[in-house]
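The values are calculated or read from the model by the stated rules, or taken from the named source; none is laboratory data. For clarity, every value in this text was computed on a predicted model and none was experimentally measured. Cβ sites come from the backbone with ideal geometry, for glycine too, and all protein chains shown count toward neighbours.
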Amino acid sequence: MNDFGVETATTVRTIDVVVIGAGQAGLSAAYHLRRTGLVPDRDFVVLDHAPRPGGAWQFRWPSLTYGKVHGMHALPGMELTGADERRPSSEVIGAYFTAYEERFDLRVHRPVEVSAVREGEGGRLLVETSEGSYATRALINATGTWDRPFWPRYQGQETFRGRQLHTADYPGPEEFAGQRVIVVGGGASGTQHLMEIAEVAAGTTWVTRREPVYREGPFGEMEGRAAVAMVEERVRRGLPPQSVVSVTGLPLTDAIRSARARGVLDRNPMFDRITPTGVAWADGRSVDADVILWATGFRAAIDHLAPLKLREQGGGIRVEGTRAVRDERVHLVGYGPSASTVGANRAGRAAVTEIRRLLDREPAVTT
């Protein structure tokens, strides 16, 4: 028996719902499970592999202050108020998630690693974890993307004598003082990194696969719905989801306007190969560098679901709403169209609504 009162790994605990992940989507789902009358550690359990509350936010770089965060939406039932915009977002949101878990007594189990979800006995799913196994009637997967940074592969990459790192390991701009830095990626993270690093680096080069698209004017409800619909269509077809941000374009803020005017955001097309001292294009042009920073995004962390064979030929899991088409017991929140903070809240509520119907329709099998 461990500190949570859960049996050791040789036993299997039966439960109605397992929630994997305690970021925005997982906590939203847990909140709505409680609202329907389910009790944590009796009817449902929330498992999180992170060492403390905060979801992926706790791993963000220190220079990403709360004031720089794009569109952080409050969790259901509790507003985030009075936050100092100068504080790191990891601290602000970490403290907010901590208070949220305590207020609603969500009893998140951490750190817990989930190794696999497979078919169990009696119509249940078997969730195998570092604290034992759970036989559950339904699963809410809220594992996000932070654990699966995407690293493109290019000819000569292994020969580069400098440093290569990904957004997931970005430490802030100070480490790049006096260095020549290539930033790869046209999303919000890439532009933020680039603008910070340019203040201290000996030189910066910005490289993207596509010409960046800048968005002027307000981003209203109509535009948001259109962007979500584009991502939703991909998951309906069983394709790997794109982030909502990837289809909205970059907001043309005063900071971006200034960086463009100074030449910081002069975009280069994708290079063709990496050399020991930098990168090179097919036309003979080359740039020397000390660092290549890959701001190339993330993929959904869903490998633990592989035994259920939910993926389609296109590589993604086909989802209707939040429900996996191939298995109605499995719901994915914070996946595809619900990857934004407001989308995660709505997905948590929607998943719980469907799961309650499933639990009411299929009485628990007692052994």
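Worth pointing out:
- Search result, residues across segment 65-80 that are assigned to a loop (DSSP other than H, G, I, E, B) and at pLDDT below 85: Val69, His70, Gly71, Met72, His73
- Test: residue in segment 151-163 that is touching a residue at least 40 places away in the same chain (Cβ under 8 Å) and closer than 24 Å to Ile317 by Cα: yes
- Pairs linking a residue in segment 81-109 that is modelled with pLDDT of 95 or more to a residue that is of a type in the set (Asp, Glu), with Cβ atoms under 6 Å and 6 or more positions apart or on different chains, are Arg107/Asp41; Val108/Asp48; Val108/Glu101.
- Scanning segment 274-301 for residues that are of a type in the set (Lys, Arg) and farther than 27 Å from Thr145 by Cα yields a count of 1.
- Residue ranges of strands (runs of 3 or more DSSP E) in segment 271-312 with at least 2 members surrounded by fewer than 19 Cβ atoms within 10 Å (Cβ to Cβ) and assigned by TED's automatic domain parsing to the domain that holds Gly334: none
- Members of segment 134-176 that are within 30 Å of Glu354 (Cβ to Cβ) and of a type in the set (D, E, K, R): Arg137, Asp147, Arg148
- Restricting Arg42, Arg52 to those that are assigned to a loop (DSSP other than H, G, I, E, B) and either out of contact with any helix residue (DSSP H, G or I) (no Cβ under 7 Å at 6 or more places or on another chain) or of a type in the set (Ser, Thr, Tyr) (or both) reduces the list to Arg42.
- Applying the set (1) at pLDDT 95 or above; (2) surrounded by fewer than 19 Cβ atoms within 10 Å (Cβ to Cβ); (3) assigned by TED's automatic domain parsing to the domain that holds Ser28 to Gly162 leaves exactly one unmet item: (3).
- Any strands (runs of 3 or more DSSP E) falling wholly within segment 117-175 and containing at least 1 residues that are touching a strand residue (DSSP E or B) at 6+ places or on another chain (Cβ under 9 Å), under 18 Å from Gly187 (Cβ atoms) and among the hydrophobic types (A, V, I, L, M, F, W, C): 163-166
- Test: residue in segment 55-62 that is at pLDDT 95 or above and either buried (at least 17 other Cβ atoms within 10 Å of the Cβ) or closer than 21 Å to Ile140 by Cβ (or both): no
- Number of positions in segment 336-366 that are charged (D, E, K, R), at pLDDT 85 or above and in contact with a strand residue (DSSP E or B) (Cβ under 8 Å, 6 or more places away or on another chain): 1
- Looking across segment 176-207, the residues that are more than 25 Å from the chain's Cα centre (by Cα) and more than 10 Å from Leu293 (Cβ to Cβ) come down to Ala177, Gly178, Gln179, Arg180, Ala198, Glu199, Val200, Ala201, Ala202, Gly203, Thr205.
- Residues in segment 241-270 that are of a type in the set (A, V, I, L, M, F, W, C) and either modelled with pLDDT under 85 or not in a helix (DSSP H, G or I) (or both): Val244, Val245, Val247, Leu250, Leu252, Val264, Leu265, Met270.
- Any hit, segment 89-102, residues being over 21 Å from the mean Cα position of the chain (by Cα) and surrounded by 15 or more Cβ atoms within 10 Å (Cβ to Cβ): no
- Residue list for segment 1-22, filter: at pLDDT below 95 and in a loop (DSSP other than H, G, I, E, B): Met1, Asn2, Asp3, Phe4, Gly5, Val6, Glu7, Thr8, Ala9, Thr10, Thr11
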